[in-house]
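One structure follows; several queries about it will come next.
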């Protein structure tokens, strides 16, 4: 007598699970102080190299250092 073949399960993405996703009430949006706007800045190869060297020396992400440089420059404008 031949053994019965096991029924092959269909692939599943898991569906809804209790506790999955964001907690209730967390959809109030970003904090008022959040950096949520973007601006594109074009720099030369040598300028980017200087920013990358400074970021590496300061152990900071390049984007964070670039943001801080722009923010400091805006402070001097008044």
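FYI, it's all coordinate maths here, none of it is from the lab. Everything quoted here is computed from the prediction, not taken from an experiment. Note that each Cβ is placed from the backbone with ideal geometry, even for glycine, and that neighbours are counted across all protein chains shown.
Using only Cα atoms, find the angle between the long axis of helix 45-58 and the longest principal axis of the chain, and express it within 0 to 90 degrees, rounded to the nearest 10.
The answer is roughly 80 degrees.
Let me ask something additional. State the volume of the convex hull built on the alpha-carbon positions of the chain, expressed per residue in Å³ and rounded to an integer.
Convex hull of Cα atoms, per residue: 279 Å³.
Pull out the extension gain between residue 76 and residue 42, defined as 0.36 nm times the separation in residues minus the alpha carbon to alpha carbon distance; nm, one decimal.
10.2 nm
Additional query: So for 58, 42, fewest C-beta neighbours within 10 Å to most, what's the order?
Ascending number of Cβ neighbours within 10 Å: 42, 58.
Round to the nearest 10 and give me the degree value, 0 to 90, for the angle of helix 62-77's Cα axis relative to the longest principal axis of the chain.
Tilt relative to the chain: about 40 degrees.
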